[in-house]
Amino acid sequence: MDERTHKEGKHVRNSIFVSMLISFTVALLFIIQQFFDSEFCPGILPGEWSHFYGIFLYPFFHSDTAHLLSNLPPLFFLVAGTFYYMPRRLFIAILTIWLVSALLIWAFGRSGCHLGASGIIYGLAFMLATLGFLKKQRTLGAFALIIVFMYGSMVWGVLPQDGNVSWEGHAGGALAGIMLAILWRKKAIYTDEPEEDEDDHDAEHPDMHSTHKISEAEINYHYKPNNH
């Protein structure tokens, strides 16, 4: 095994490890959530200053097991994909998407308890898809097409709708993801093709091509309406 292949394998393993760690944290906190009072909202209550701390909690908690399981697969693959292409920007991306979507929910969301990781899922998906098309880079473009193919229905999730889906969080995450993609469109990514036309070169070096597989999953970002 040559050095380049070894480096590629190590980077893929690191991507999977980081994604597993984040996914495990979300699952663990959901288990802890089961010990909370059922009336307690660990998410965002729009416009309520006394519950402003929910902005910092909402991605980690879910309304029920089905909600959690619908979000874990896309969260895992999108975090792994983001770390693979932009290892130094993953946590900046998550934090930015997290805060932008949270503030939009708090300011404009419907009355009720908004919680779930799908705001971050939408943000990462829209960021990677937009970057793939803006950069016209082969492997990232292919990964973006997989996202569009597997999760194309996500587009409808950002539109106003009734029910227990927090479209406000979806829209906020998607908006933040697109903004980051535009901001980072000239930044180097971890790729198999040299970026000769880019002015700034990061420490993220070009490397080998990698194929990613994404399992189809339903993405839900729930909110519980107030009954009073």
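The values are calculated or read from the model by the stated rules, or taken from the named source; none is laboratory data. Only a predicted model underlies this, so the values are computations on that prediction, with no experimental measurement involved. Here the Cβ positions follow ideal geometry from the backbone for every residue, glycine too, while neighbour counts run over all protein chains shown. To get the accessible areas, we keep the full protein, side chains included, count just its heavy atoms, and leave off ligands, DNA and RNA. Shrake-Rupley method; radii C 1.70, N 1.55, O 1.52, S 1.80 Å.
Please state which one of 12, 18, 26 is buried (at least 19 other Cβ atoms within 10 Å of the Cβ) and assigned to a helix (DSSP H, G or I). Walk me through how you get there before you give the answer.
Working: 12 fails: buried (at least 19 other Cβ atoms within 10 Å of the Cβ); 18 fails: buried (at least 19 other Cβ atoms within 10 Å of the Cβ).
It is 26.
With the requirement that a residue be outside any helix (DSSP H, G or I), touching a residue at least 40 places away in the same chain (Cβ under 8 Å) and over 19 Å from the mean Cα position of the chain (by Cα), what does segment 103-155 give you?
First, pick out the residues of segment 103-155 that are outside any helix (DSSP H, G or I): 109-117, 136-137.
If we keep only those that are touching a residue at least 40 places away in the same chain (Cβ under 8 Å) too, we end up with 109-117, 137.
Listed by number, the residues that qualify are 109, 110, 111, 112, 113, 137.
Given the criterion under 21 Å from the mean Cα position of the chain (by Cα), open to solvent by less than 50 Å² (accessible area, probe 1.4 Å) and within 30 Å of residue 185 (Cα to Cα), identify the matching residue among 68, 75. Please lay out each step first, then the result.
On the way: 68 fails: within 30 Å of residue 185 (Cα to Cα).
Going through 68, 75 in turn, just one is under 21 Å from the mean Cα position of the chain (by Cα), open to solvent by less than 50 Å² (accessible area, probe 1.4 Å) and within 30 Å of residue 185 (Cα to Cα): 75.
Matching residues to (1) closer than 18 Å to residue 8 by Cα; (2) at pLDDT below 90:
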| residue | (1), (2) |
| --- | --- |
| 72 | no, no |
| 80 | yes, no |
| 87 | yes, no |
| 91 | no, no |
| 95 | no, no |
| 100 | no, no |
| 105 | no, no |
| 110 | no, yes |
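Answer yes or no: is there a residue in segment 121-129 that is surrounded by 16 or more Cβ atoms within 10 Å (Cβ to Cβ) and more than 21 Å from residue 178 (Cβ to Cβ).
Within segment 121-129, the subset surrounded by 16 or more Cβ atoms within 10 Å (Cβ to Cβ) is 121-129.
Within this subset, residues satisfying the condition of being more than 21 Å from residue 178 (Cβ to Cβ) are none.
No, there is no match, as no residue in segment 121-129 is surrounded by 16 or more Cβ atoms within 10 Å (Cβ to Cβ) and more than 21 Å from residue 178 (Cβ to Cβ).
Within segment 92-99, identify whether any single residue is touching a helix residue (DSSP H, G or I) at 6+ places or on another chain (Cβ under 8 Å), open to solvent by 10 Å² or more (accessible area, probe 1.4 Å), in contact (Cβ under 8 Å) with a residue 24 or more places away in the chain and within 23 Å of residue 164 (Cβ to Cβ), and answer yes or no.
Looking through segment 92-99, at least one residue is touching a helix residue (DSSP H, G or I) at 6+ places or on another chain (Cβ under 8 Å), open to solvent by 10 Å² or more (accessible area, probe 1.4 Å), in contact (Cβ under 8 Å) with a residue 24 or more places away in the chain and within 23 Å of residue 164 (Cβ to Cβ).
Can you name the residue in segment 78-91 that is part of a helix (DSSP H, G or I) and hydrophobic (A, V, I, L, M, F, W, C) and is also most open to solvent (accessible area, probe 1.4 Å) among such residues?
The initial filter retains those residues of segment 78-91 that are part of a helix (DSSP H, G or I), namely 78-85, 90-91.
Among the residues that remain, those that are also hydrophobic (A, V, I, L, M, F, W, C) are: 78-80, 83, 90-91.
Working: 78: 1, 79: 2, 80: 13, 83: 28, 90: 0, 91: 122 Å².
The extreme case among them is 91.
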